[in-house]
Amino acid sequence: MKVQYSFEREFEELMSDLLSKYGYEMFQMDGLGDQLDVVKFTEDFVRRGIIESTIDANANVRVTNISTYFIEISKPHTYLYSLYRIWQKMKEMFGKGVADEFVEAQINGAVYLHDRHHAALMPYCFAYTLKPIVEKGLPFIKTIKSEPAKHLSTFIQHVIQFVMFASNQSSGAVGLPDFFVWMWYFVKKDLKEGIIPRDKLDWYIEQHFQILTYSLNQPIRTTQSPYTNFTYLDRNYIKAIFEGERYPDGSLITDHVEDIIALQKHYWEWVSRERERQMFTFPVLTASLLYKDGKFLDEDSARFINKINMKWQDTNWYISDSIDAVASCCRLTSSTQTLKKFSLSSEEEEKLKGRMNSIGGSDLNIGSFKVITVNLPRIALESGGDREKYLQILRHRVQLIKKALAAVREIIKERISEGLLPLYENGLMLLNRQYGTIGVTGVWESASIMGLTTEDIDGLKYTEEGEVFVDNVLDTIREEAEKGYHEYGFTFNIEQVPAEKAAVTLAQKDRFLFGEKQPFEIYSNQWVPLMANTDVLNRIRYSGKWDKKVSGGAILHINLGESFKTEEESFNMVKMIADMGVMYFAFNTKISVCEDGHAFYGERCPVCGKAKVDEYMRIVGYLVPVSAFNKERREIEYPRRQFYDSLTIRR
């Protein structure tokens, strides 16, 4: 018996030709080999577990059971359909030649379509404001409609239910940057009405922190926890974003800045204590802080984050010199001034400004509808060291990605008109507030293949010509992204993508095609690989130099072999990084966990006395057990990560 798909004959012929050209192993690496055979997939799933059998490997998918099986077995098939539907739309918009070229580029690894099994079905990510939930409740959940919350307990449940709804209607992060702004309204209201006893205020608030946080870490997004992120907004951000905004009782939000700050601090303190009882992944925490002329404008908030971060280093730092930019999703940031031009019901097609990031800490009502990454090391291999040829290939490939993103956007419009994407229908997600994201990965490996990296007393680094080369690469992509708005009527941005699985797959495909000319087992998602033996100042300098060139964000990871000795030492390091122009960064430590889930440092748990059984570490941007890393990251990349035992700061 042969299972048939109802594809157009031209698509079937294309896939047959590509199979003949590249072989079955290439299709297997792309998730379109044995994964399409339900018998082989099932046997592989049972024998090896979800981490090694899924085509959508990420450390948030880590539990092997019958529920995950039913979800995972369909992904190769919906990926194949998505590839077909994108090919159809590109053929309609740009001709068969362009459509065929994109499919071949995806199969052979010249580009990487992220969340590919959802690519023709749902959008990527969004940073939502909770204002509609506060004002309207949950009328979009048709099975049982909830009116607006009147008390804190109902509001928390509404947030949980909204996250469940939103995360199952999109493939990426659910950002909630203004959660604490709206939570404070209900705390204030319940205090005034006597619902919360004043002498039990802290306990009452922490009970709701607990309900929310533990709920967000349950497998409520099909069979995994939804990717959520919360943002600590400093006083400047709160005042700028919510200028003129009022709570339902008519009071100005900006009259409650100190209360909101206190509530944010309370949550961060609770999280720090709670990790000792139970380590968890979500929400991803980011602090958005304004920094100008060598100082934090809200130094109280900056010093608080610095102090609370000393224990687990679990907060990402987003530092901007302009209130016009706030950080979102996994690595995305954007413009508060642009936001003020838009209402929630706006359908006006205007060019987005600012930045958006896929890891955490974003603006309101901003996101990305899809990410497609250009494989930079592949271009280095194709160009044979010719830099002019490299830039020509790069420009053409980015143009191809723009066309693919334009096609995906049209498909999403069709899904909206078909009534399949209620987030748009109910004005909670806005397509005109979502970027088409051009991803980049393997910048370092690309330069290395071109002979533009070196090693000296400071360790591995780019040569002077290598730095100029990276400038030219990023400037070329940026030029194409900026032209895209006039070509296709929506805004493109650029992101140095986390590439949790993509960095592995693309390296494998390049090794398959180019053999030993491609010496890397995994590509980097940093300007310098986390495995590279280099002075920490090199990492910081490159991030300060190039982060601003990727409008969709990048994150610098600094791995600490030992904790900072004092708060002042840590704060000086943070300020030095800010002074060098780095916008988004995180310190990483190896957090031990015992079998009961208690977090600690060392080999034995101080709470229960049991031995360490695993470590939590940021795989790309969020804290997960190392045992949940995909095989290549777990066995190759993680053991080789460079940690810095002594960070000497001279100012």
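For Q210 and E465 in the same chain, what is the full-extension length gain: residue separation times 0.36 nm, less their Cα-Cα distance, in nm? Could you put the intermediate results ahead of the total?
Numbers: separation 255, 0.36 × 255 = 91.80 nm, distance 5.24 nm.
Between Q210 and E465, full extension yields an extra 86.6 nm.
Quick one: compute a quarter of the convex hull surface over the Cα atoms of the range 515-615 and quote it in nm². Intermediate values should be presented prior to the final figure.
Values: hull surface 38.4 nm².
Result: a mean projected hull area of 9.6 nm².
With r defined as the distance between the Cβ atoms of V39 and E92 and R0 fixed at 45 Å, what FRET efficiency is calculated, to the nearest 0.05?
Details: r = 36 Å, r/R0 = 0.79.
Using R0 = 45 Å, I get an efficiency of 0.80.
What residues have an amide H closer than 5 Å to that of A599, excluding those fewer than 5 places away on the same chain, when H is modeled at 1.01 Å from N in the peptide plane?
E276, R277, Q278, M279
Count the net charge of all other residues whose Cβ sits under 15 Å from the Cβ of V134, scoring Lys and Arg as +1 and Asp and Glu as -1. Don't skip to the end; give the middle numbers.
Numbers: positive: K131, K136, K150, K188, K189, R246; negative: E135, E147, D178, D190, E245, D249.
Result for the neighbourhood of V134: 0.
To the nearest 0.05, how large is the calculated FRET efficiency for R198 and R273 if R₀ is 25 Å and r is the Cβ-Cβ distance?
The formula returns an efficiency of 0.70 here.
Would you mind checking which residues have amide H under 5 Å from T441's amide H? H placed 1.01 Å from N; only 5 or more apart, or other chain.
Residues meeting the amide H criterion: V374, L376.
Given Cβ point charges of +1 (Lys, Arg) and -1 (Asp, Glu) and nothing else, what value in debye, to the nearest 20, does the dipole of the chain about its Cα centre take?
Numbers: 80 positive and 90 negative charges, 161 e Å.
So the magnitude is around 780 debye.
For each of W527, W203, count neighbouring Cβ atoms within 10 Å of the residue's Cβ, then give the residues from fewest to most. Walk me through the numbers before you get to the answer.
Values: W527 24, W203 10.
Ascending Cβ contact count within 10 Å gives the list W203, W527.
Among the listed pairs K200/K292; K136/K200; K21/K501, which have their C-alpha atoms separated by more than 32 angstrom in this model?
Values: K200/K292 40 Å; K136/K200 29 Å; K21/K501 24 Å.
Check vs 32 Å cut-off fails for K200/K292.
Quote the convex hull volume per residue of the chain, based on C-alpha atoms, as a whole number of Å³.
Working: hull volume 102.8 nm³, N = 651.
For the chain, the hull spanned by Cα atoms encloses 158 Å³ per residue.
Can you give the extra length, in nm with one decimal, that the chain gains between I141 and D293 once fully stretched, where that is 0.36 nm per residue apart less the Cα-Cα distance? Mind dumping the intermediate values first?
Working: separation 152, 0.36 × 152 = 54.72 nm, distance 4.80 nm.
Between I141 and D293, full extension yields 49.9 nm more.
Among F587, I449, W268, whose Cα sits farthest toward the positive end of the charge dipole of the chain (+1 at Cβ of Lys/Arg, -1 at Cβ of Asp/Glu, about the Cα centre)?
In the chain, that residue is W268.
With the dipole of the chain worked out from charges on the C-beta (+1 for Lys and Arg, -1 for Asp and Glu) around the Cα centre, which of P625, L285, P148 lies farthest toward the positive end?
Of P625, L285, P148, it is P148.
Which is farthest toward the positive dipole end of the chain among P123, L176, M310, measuring Cα position about the Cα centre, with Cβ charges +1 (Lys, Arg) and -1 (Asp, Glu)?
Result: L176.
So for the pair E25, Y485, with labels modelled 7 Å out along Cα→Cβ, what separation do we get in nm?
So the two model labels end up 4.6 nm from each other.
Take each of the peptides 568-576, 169-177, 479-487, average the number of other beta-carbon atoms within 10 Å over its residues, and list them starting from the highest.
Details: 568-576: 18.2, 169-177: 26.8, 479-487: 16.0.
Order by mean packing, descending: 169-177, 568-576, 479-487.
Would you order V271, V443 from fewest to most other beta-carbon atoms within 10 Å of each residue's own beta-carbon? Write down the numbers at each step before the final one.
Working: V271 20, V443 27.
Starting with the residue having the fewest Cβ neighbours, the order is V271, V443.
Under the definition of Cα pairs under 8 Å and six or more residues apart, what whole-number percent is the relative contact order of the range 111-651?
Values: 1058 pairs, mean separation 80.9, N = 541.
Normalised by residue count, the contact order of the range 111-651 is 15 percent.
Using the 10 angstrom Cβ neighbour count as an exposure proxy, how do E516, E637 rank, fewest first? Mind dumping the intermediate values first?
Values: E516 6, E637 20.
Listed from fewest to most nearby Cβ atoms, that is E516, E637.
Of the listed peptides 279-292, 529-542, what is their order by residue-averaged count of other C-beta atoms within 10 Å, with the highest listed first? Mind showing how you got there, number by number?
On the way: 279-292: 23.8, 529-542: 19.4.
Listed from highest to lowest mean packing, they are 279-292, 529-542.
Given a Förster distance of 22 Å, report the FRET efficiency between H77 and E410 from their Cβ-Cβ distance, rounded to the nearest 0.05. If you can, show how the numbers build up before the last one.
Working: r = 23 Å, r/R0 = 1.02.
For R0 = 22 Å, the calculated efficiency reads 0.45.
Quick one: what are the phi-derived ³J(HN,Hα) couplings along the range 448-460, Karplus 6.51/-1.76/1.60 with θ = phi - 60°, whole Hz, x for glycine and proline?
For the range 448-460, the Karplus curve yields 5, 4, 7, x, 10, 10, 8, 9, 9, 4, 8, x, 5 Hz.
Out of the DSSP beta bridges found with both residues in the chain, what percent are antiparallel (nearest 5)? Walk me through the numbers before you get to the answer.
Values: 32 of 65 bridges.
DSSP beta bridges in the chain are roughly 50 percent antiparallel.
If packing is taken as the mean number of other Cβ atoms within 10 Å per residue, what is the order of 544-555, 157-168, 449-460, highest first?
On the way: 544-555: 23.2, 157-168: 19.8, 449-460: 15.8.
For the peptides 544-555, 157-168, 449-460, the packing ranking is 544-555, 157-168, 449-460.
Going down the list K91/K413; K96/K413; K461/K483; K370/K517; K370/K461, which pairs span over 27 Å between their C-alpha atoms? Don't jump to the answer; show the numbers that get you there.
Details: K91/K413 17 Å; K96/K413 21 Å; K461/K483 32 Å; K370/K517 31 Å; K370/K461 32 Å.
From K91/K413; K96/K413; K461/K483; K370/K517; K370/K461, over 27 Å: K461/K483; K370/K517; K370/K461.
What distance in nm lies between label points placed 7 Å from Cα along the C-beta direction at D458 and R246?
5.6 nm
How much net charge surrounds L14 when only other residues with a Cβ under 12 Å from its Cβ are counted (Lys, Arg +1; Asp, Glu -1)?
On the way: positive: R9, K21, K91, K96; negative: E8, E10, E12, E13, D17, D100, E101, E104.
Net of charged neighbours comes to -4.
Starting from the Cα-Cα distance between Y644 and S322, subtract it from 0.36 nm times their residue separation and give me the gain in nm to one decimal.
Details: separation 322, 0.36 × 322 = 115.92 nm, distance 3.09 nm.
Extending this stretch completely gives an extra 112.8 nm.
Need one number: nm distance between label points at R48 and S417, each 7 Å from Cα along Cα→Cβ, rounded to one decimal.
Result: 4.2 nm between the two label points.
Hey, can you grab everything whose amide H is under 5 Å from the amide H of K292? Only 5+ residues off in sequence or another chain; H modelled, so Pro and N-termini drop out.
Distant-sequence amide H within range of K292: L297.
Readers should treat all values here as calculations from the given coordinates under stated rules, not as data from a laboratory. Computed from a predicted model, the values in this text were never measured in an experiment. Please note: Cβ atoms are built from the backbone with ideal geometry, for glycine as well, and neighbour counts cover all protein chains shown.
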